[in-house]
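The values are calculated or read from the model by the stated rules, or taken from the named source; none is laboratory data. Quick caveat, the model's predicted, so the values are computed rather than measured. Note that each Cβ is placed from the backbone with ideal geometry, even for glycine, and that neighbours are counted across all protein chains shown.
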Amino acid sequence: MEISNWDIFWAGSEEKDYWKEPDPFVLELIDSYPQEKFPRVLDLGCGMGRHALAFARHGYEVTAADSSRQALDHVEERAKKRELKVTNVLGDYRSPLFAEGSYDIVICYNVLYHCLREEMVRAINLCQKYLKPGGVLFFTCPTRDDGKYGDGEKIAPHTFLSENSTHPGALHYFSNSEDIDCFCTGFEVLSKKKREYYWKQDGVVNFSSYWQLTAQKIEA
């Protein structure tokens with residue numbers, strides 16, 4: 001299953017402030033896991049780099065990875081304007097990209113669920129591999145209460161090509177609580193929260209429900 005054409009999406013996103021401002025919960029990570037103890041960060045599926053740049057501003061050694069060349073061009077341009085150093089890597093998050101134990105923090109914000117469930121499991125296992133023992137994984141994914149659940153063509157159980165999305169036609173896998181526990185095998189779950197809110201797209205009010213996970217790789 002191929003990911004939708006994200007180059008087209010990111011090419012039209014320059015003026016969307018949402019993609020530029022870091023999520024407050026990601027900023028909390030910076031406060032909770034200081035650069036002195038967790039120096040190397042991977043923003044996997046970085047988009048325009050809002051979170052990669054936030055970590056870079058605080059002195060972390062940051063790698064931004066994305067399957068979209070257009071997205072990485074945004075990251076490079078924005079980092080240059082801010083005189084920040086970010087290493088960009090072009091690649092699919094479902095494929096091995098980095099050596100074992102390369103990072104102290106891996107962040108996957110609104111990324112890992114754009115695929116089939118088995119691919120999502122594989123991607124999380126790769127994130128575990130990239131982390132050093134004691135390293136921290138932060139990721140988000142939609143719940144089955146989300147307004148997009150059931151929208152569009154059904155590809156597999158709980159998996160839809162959603163039209164009611166900021167990126168129409170993108171694949172979404174929707175997780176339940178048991179899924180999350182399964183995904184986090186090999187991790188200690190530090191925080192498992194269900195976040196819900198309403199948002200507007202083209203004047204239409206939508207309901208968002210998503211999991212927000214912080215987990216620490218279990219030390220051998």
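Based on what the data block shows, is ILE124 touching a helix residue (DSSP H, G or I) at 6+ places or on another chain (Cβ under 7 Å), β-branched (Val, Ile, Thr), in contact (Cβ under 8 Å) with a residue 12 or more places away in the chain and under 22 Å from LEU29 (Cβ atoms)?
Numbers: touching a helix residue (DSSP H, G or I) at 6+ places or on another chain (Cβ under 7 Å): yes; β-branched (Val, Ile, Thr): yes; in contact (Cβ under 8 Å) with a residue 12 or more places away in the chain: yes; under 22 Å from LEU29 (Cβ atoms): yes.
In short, yes.
Pairs only if they're at least six apart or on different chains, beta carbon under 8 angstrom, first in segment 18-40 and closer than 17 Å to LEU137 by Cβ, second among the small types (Gly, Ala, Ser) and in a loop (DSSP other than H, G, I, E, B); list them, first residue then second.
ARG40/SER102
Would you confirm whether or not segment 42-61 contains a residue that is touching a Leu at 6+ places or on another chain (Cβ under 8 Å), surrounded by 20 or more Cβ atoms within 10 Å (Cβ to Cβ), more than 22 Å from CYS141 (Cβ to Cβ) and touching a residue at least 12 places away in the same chain (Cβ under 8 Å)?
Yes: segment 42-61 contains one or more residues that are touching a Leu at 6+ places or on another chain (Cβ under 8 Å), surrounded by 20 or more Cβ atoms within 10 Å (Cβ to Cβ), more than 22 Å from CYS141 (Cβ to Cβ) and touching a residue at least 12 places away in the same chain (Cβ under 8 Å).
Could you list, in sequence order, the residues of segment 124-175 that are assigned to a strand (DSSP E or B), at pLDDT 95 or above and among the hydroxyl-bearing types (Ser, Thr, Tyr)?
Answer for segment 124-175, where residues must be assigned to a strand (DSSP E or B), at pLDDT 95 or above and among the hydroxyl-bearing types (Ser, Thr, Tyr): THR140, THR143, THR159, TYR173, SER175.
Do any residues in segment 165-191 that are under 20 Å from GLY152 (Cβ atoms) have Cβ atoms under 9 Å from those of residues that are part of a helix (DSSP H, G or I) and among the acidic types (Asp, Glu), where the two are at least six apart or on different chains, and which pairs are they?
TYR173/GLU119; TYR173/ASP179
Counting just the residues of segment 62-89 that are closer than 18 Å to CYS127 by Cβ and modelled with pLDDT of 95 or more, which one comes out surrounded by the most Cβ atoms within 10 Å (Cβ to Cβ)? First the steps, then the outcome.
Initially, segment 62-89 is screened for residues closer than 18 Å to CYS127 by Cβ, giving 62-67, 87, 89.
Cutting the leftovers down to modelled with pLDDT of 95 or more gives us 62-66, 87, 89.
Details: VAL62: 30, THR63: 23, ALA64: 28, ALA65: 25, ASP66: 28, THR87: 14, VAL89: 14.
For segment 62-89, the residue satisfying everything is VAL62.
Which of the numbered conditions does PRO133 fail, given that it passes all the others? Conditions: (1) in contact (Cβ under 8 Å) with a residue 60 or more places away in the chain; (2) surrounded by 14 or more Cβ atoms within 10 Å (Cβ to Cβ); (3) not basic (Lys, Arg).
(2)
Got a number for residues in segment 96-121 being free of Cβ contacts under 8 Å to residues at least 24 places away in the same chain and of a type in the set (Ser, Thr, Tyr)?
Qualifying residue count, segment 96-121: 0.
Would you check if ASP43 is among the acidic types (Asp, Glu) and modelled with pLDDT of 95 or more?
Numbers: among the acidic types (Asp, Glu): yes; modelled with pLDDT of 95 or more: yes.
Spelling it out, ASP43 is indeed among the acidic types (Asp, Glu) and modelled with pLDDT of 95 or more.
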